[in-house]
Amino acid sequence: MNIIETLKNTIIGTLRGTKEIGVELENTVKDVIIGALRGVKDVVGEVTSIAKDAIIGTLKGTKEIGIATSDAVSGTVSGIVKAASETTSDVVGAAKNAVRGTVAGANEIGTDVVEVAYNAVRGAVQGVKEVGGDVTAATKATAEGAIEAAEGIGAGAGNAVKNALKGVIDGTVDILKTPFKKQQ
């Protein structure tokens, strides 16, 4: 299955003319991702590559119908987290990897990595909250994931993402002051 083209075409078809774009975007992403995750043994591990393809498809589709990048990113990542929650108990790990994949995908297509990282963390935390997961752990893990993915692009991107996340997401300031161990 080509997630990029599937999401792009599904989003264009579903969202064109829709009033409740945010809700529809999340549900569309969730439905496509659930299909992609069915039968996958290591859901948390696969979420990174699935999220990368999902954000590329989503950003291409939403660009064609004029949805803001921030809304597209947060809705996509929230949908990915909700889909993963139906196939794994490690929602926080899935959220972290969704953010990692999203940042990598944004970089691949030349989208502002800092804006995407911020909105990916926001969407992931919201998705974890809505499925009843540990929001504090998700905030820390997704911020780590965003920073790690950005550092993989370059030190400047890593610092810019870290600075963007400070104080903007509730609780992140305290979490980012505490050194964290990178998890693979």
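Over all pairs of different C-alpha atoms in region 1-82, the reciprocal of the mean inverse distance, the Kirkwood hydrodynamic radius, equals 12.3 Å. Rank Ala149, Asn119, Val44 by how far each Cα sits towards the positive end of the charge dipole of the chain (+1 on Lys, Arg Cβ; -1 on Asp, Glu Cβ) and give me just the farthest. Highest projection toward the positive end goes to Ala149.
Return one number: the angle in degrees, 0 to 90 and rounded to the nearest 10, between the long axis of the Cα atoms of helix 155-165 and the longest principal axis of the Cα atoms of the chain. Computed tilt is about 80 degrees. Other residues whose C-beta falls under 10 angstrom from the C-beta of Lys52 contribute a net charge of -1, scoring Lys and Arg +1 and Asp and Glu -1. With Cα atoms as the point set, the radius of gyration and Dmax of region 39-114 evaluate to 12.0, 36 Å. Cα axis of helix 135-153 to longest principal axis of the chain: angle in degrees, 0 to 90, nearest 10? The angle comes out near 90 degrees. What's the angle, to the nearest 10 degrees (0 to 90), between helix 69-85's Cα axis and the longest principal axis of the chain? On a 0 to 90 degree scale, this one is about 90. Over the chain, the fraction of Cα-Cα pairs per 10 Å bin, rounded to whole percents and listed from the shortest bin up, is 11, 43, 35, 10, 0. Computed about the Cα centre, the dipole magnitude for region 96-166 is approximately 200 debye when only Lys and Arg (+1) and Asp and Glu (-1) carry charge, each at its Cβ.
Just so you know, all these numbers are worked out from the coordinates, no wet-lab data involved. The structure displayed is predicted, hence computed values, not measured ones. Every residue, glycine among them, receives a Cβ derived from its backbone with ideal geometry; neighbour counts consider all protein chains shown.
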